[in-house]
1. Dimensions of the protein assembly as shown along principal axes (Cα, Å, largest first)?
2. Could you line up A:89, B:76 from fewest to most neighbouring Cβ atoms inside 10 Å?
3. Fewest first, what order do A:20, A:65 take by the number of other Cβ atoms within 10 Å?
4. Simple spin-label model, 7 Å along Cα-to-Cβ: residue B:123 to residue A:55 in nm?
5. Once Rh for chain B is found with the Kirkwood sum over Cα pairs, what is the Stokes-Einstein diffusion coefficient at 10 °C and 1.306 mPa s, in µm²/s?
6. For n ≥ 4 DSSP H runs only, could you compute -39500 (n - 2.57) per run for chain B, divide by its residues and tell me the 222 nm figure to the nearest 500?
7. When you look at the Cβ of every residue in B:69-80, what mean number of other chain Cβ atoms sits within 10 Å?
8. Just how far, in whole angstrom, is segment B:8-49 from segment A:91-149 if you go by their alpha carbon centroids?
């Protein structure tokens, strides 16, 4: 299925992926009573957060992420997306690491778990990182900075 | 006790599968979504919509439970204050997300898709988190 006007969009895969992400976050909330926030869980696993989440649990969740990716690759066939160069990946990673800790969350914690709860902090955080994300890509395109080949 | 760990791995696998199926581990897909003023790709709006819809139902169920199914109590954020730190941090995160088209979950999931690139991103992200930890530790 394609969207009229957007031949490259994959709305059904997107919706299916979103539902799986929502189910994952629901398992965390209703199963263990916690927010499925990846940046916070990554910080906890590596000893950079003082949350009450056991480190072993944090690691299990994180190890699940690439395992889930592997399952989709096995079922749907291998895809080879292009990634940014090491310099861009390094700069982006630093910004994402600093920003998510200062901002107490990322796309998962604020964007999925917090927005669906109508948390004011998450609504503001999500609006903010969406706006700077849009602006970053717009500016990079305007000055002709190509990141992906 | 091991039984209490099972929800974490199940959630992680579901999460990683959803990110990959939805296209969040494909930087071109993510940057296409962020290219609002150019050749916009709405796919990620469906990812976000699907995830928020399911989670909204979970939030309706949550208050009806006296405790989580596999733990003694809920450990949920309760802050409601809007601070410069929240907004400034989120702004920086959005810039990083836009630069490479990766956020934390997909960066980690992509370790099996493009290990070298994903590892650079993840190590840099952890370094960034460490910088914050250092400054907050000395504050």
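Where a number appears in this text, it was derived from the coordinates with a stated rule and is not lab data. If you're wondering where the values come from, they're calculated on a predicted model, not measured in any experiment. Using ideal geometry, Cβ is built from the backbone for each residue, glycine included, and neighbour counts are taken over all protein chains shown.
1. Projected onto the principal axes, the Cα atoms of the protein assembly as shown cover 53, 49, 33 Å.
2. B:76, A:89
3. So the ranking, lowest neighbour count to highest, is A:20, A:65.
4. 2.1 nm
5. Calculated translational D: 90 µm²/s.
6. Value at 222 nm, helices only, nearest 500: -21500 deg cm²/dmol.
7. 5
8. Here the two parts' Cα centres lie 13 Å apart.
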